[in-house]
Amino acid sequence: MAERSSGSVNAAFGTVAAPVMAVAEAVDGTFGPARVGPLEPFTLHPFAHALHYASTCFEGMKAHRGGDGVVRLFRADRHAARMRRTAALMSLPVPSEELLLGMVRDVVAANLDAVPPAPAALYVRPLLFGTEPNIGAAASPSGTATLAVLASPVGDYFAGGVRPLTLLLETEVPRTTPQFGEVKAGANYAMALGLTLRARGELGCDQVLFAPGGRVQETGASNFLLLAEDRIVTPALDATFLHGVTRDSVLTLARDRGLAVEERPVDVDELLAWDDEAALSGTAATLSGVGALLHDGVRRPIGTGEVGPVTLALREGLMAVQRGEAEDVHGWTSVVAG
Ligand SMILES: Cc1ncc(COP(=O)(O)O)c(C=O)c1O
């Protein structure tokens, strides 16, 4: 069984598996009951739809252990809703909210000993893929599918903790096909990988900020926000980028604190002229400050180039709710008992 120590969370994000998983199978588009048991490999027919036609998608949420020792899931209902929308858009069998949330809760409850103390957390990964053994099914959906819920104790997503990030500003190539940007299709991540690897490797950046046609969208794994003392500006939701649960939470906390929230198109000219704070939001990233952009080979600091006070205050506010240290006025957390 995984230790409740900081040892496992010093490992790279997502490389440590919690010992218990849940699995449910769909036949003719309908899911049977879930089994909860030890983490084990899948048995997959080599003709499986997902292997050939990328009918695979996932979610990512966290369970946090508070200072009081209690473990709370953060906005699991929103993640379940997004996964159901992803599954429908990808023509995969859609699990009921009840099945999916039940599996998430069961997996966290069965892995309670693997939930590390804050600021680390248990990352919960629902996974859905088409298993129909038919390599002639390029133009037909997979009626059979496997839904699994996995978990992993995680520490910081960005190595080095709280430090200002540098983003490569990509103004031509989109992260993925525009109509699938809003969902967590596995293929979206494969499509963004080449550019991200180049940004991280030879260019020394942390992530790529995709702004095809000069219109800012998001990075490979987080939403993007511009912040100032009195307001937040972020791209308005559309099909081209993921509708982040953390984005929604940060905007709500900002409104609660009296900041104006502007959800509207953000273009590269505005971004390059911004002299205040910028940040990435995501389940893995929480709210991480952006210090600089690499644009046309030139490194441009944003504001002071440091992680700013608005970013830090909202990050702390969000984490306090997640850990049960601040009042959960929006009903975002649910306690998981062993
Ligand atoms: C492409 C992309 N954008 C944004 C996000 C942030 O979404 P959330 O806040 O729901 O984790 C993620 C992470 O899930 C992501 O993969």
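Quick note: the coordinates plus some simple rules give every number you see, no bench work behind them. Quick caveat: nothing in here was measured; it's all calculated off a predicted structure. Every residue, glycine among them, receives a Cβ derived from its backbone with ideal geometry; neighbour counts consider all protein chains shown.
When the GluC sites (Glu not before Pro) in segment 172-210 are filtered for DSSP coil states and for at most 10 other beta-carbon atoms within 10 Å of their beta-carbon, the remaining sites are Glu172, Glu202.
In the chain, the longest principal axis of the Cα atoms and the axis of helix 245-256 are about 50 degrees apart. Given a Förster radius of 41 Å and the C-beta distance between Ala187 and Glu306 as r, what FRET efficiency does 1/(1 + (r/R0)^6) yield to the nearest 0.05? E between Ala187 and Glu306, to the nearest 0.05, is 0.70. Using every pair of distinct Cα positions in the chain, the Kirkwood expression returns a hydrodynamic radius of 20.6 angstrom. Averaging the sequence gap over all C-alpha pairs within less than 8 Å and six or more residues apart, then dividing by the number of residues, gives the chain a relative contact order of 20 percent. The local environment of Gly66, defined by Cβ-Cβ distances under 12 Å, has a net charge of 0 under the rule Lys, Arg +1 and Asp, Glu -1. Only helices enter this figure: runs of n ≥ 4 DSSP H residues, each worth -39500 (n - 2.57), summed and divided by the residues of the chain, yield -7000 deg cm²/dmol at 222 nm to the nearest 500. Among Leu44, Leu100, Leu112, the largest mean-square fluctuation in a Gaussian network model of the chain (Cα springs under 10 Å) belongs to Leu44. Between the listed residues Asn10, Thr219, Val208, the Cα displaced farthest toward the positive end of the dipole of the chain, a dipole computed from Cβ unit charges relative to the Cα centre, is found at Asn10. Helix 97-110 and the longest principal axis of the Cα set of the chain meet at an angle near 90°. For segment 1-87, the spread of Cα coordinates along the three principal axes comes to 45, 27, 24 Å, biggest extent given first. In units of the compact-protein estimate 2.2 N^0.38 Å, segment 143-294 shows a Cα radius of gyration of 1.04. Taking Lys and Arg as +1 and Asp and Glu as -1, the other residues whose beta-carbon sits under 14 Å from that of Gly37 total -2. Distant-in-sequence amide contacts of Gly143, defined by a placed amide H-H separation under 5 Å and a gap of 5 or more residues or a different chain, comprise Glu132. Counting every other Cβ atom within 10 Å of each residue's Cβ, His52, His330 order from fewest to most as His330, His52.
Assign unit charges at the C-beta atoms only (+1 for Lys and Arg, -1 for Asp and Glu), then state the dipole size of the chain relative to its Cα centre in Debye, rounded to the nearest 20. Before the final figure, lay out the partial values.
On the way: 27 positive and 38 negative charges, 118 e Å.
That gives the chain a dipole magnitude of about 560 debye.
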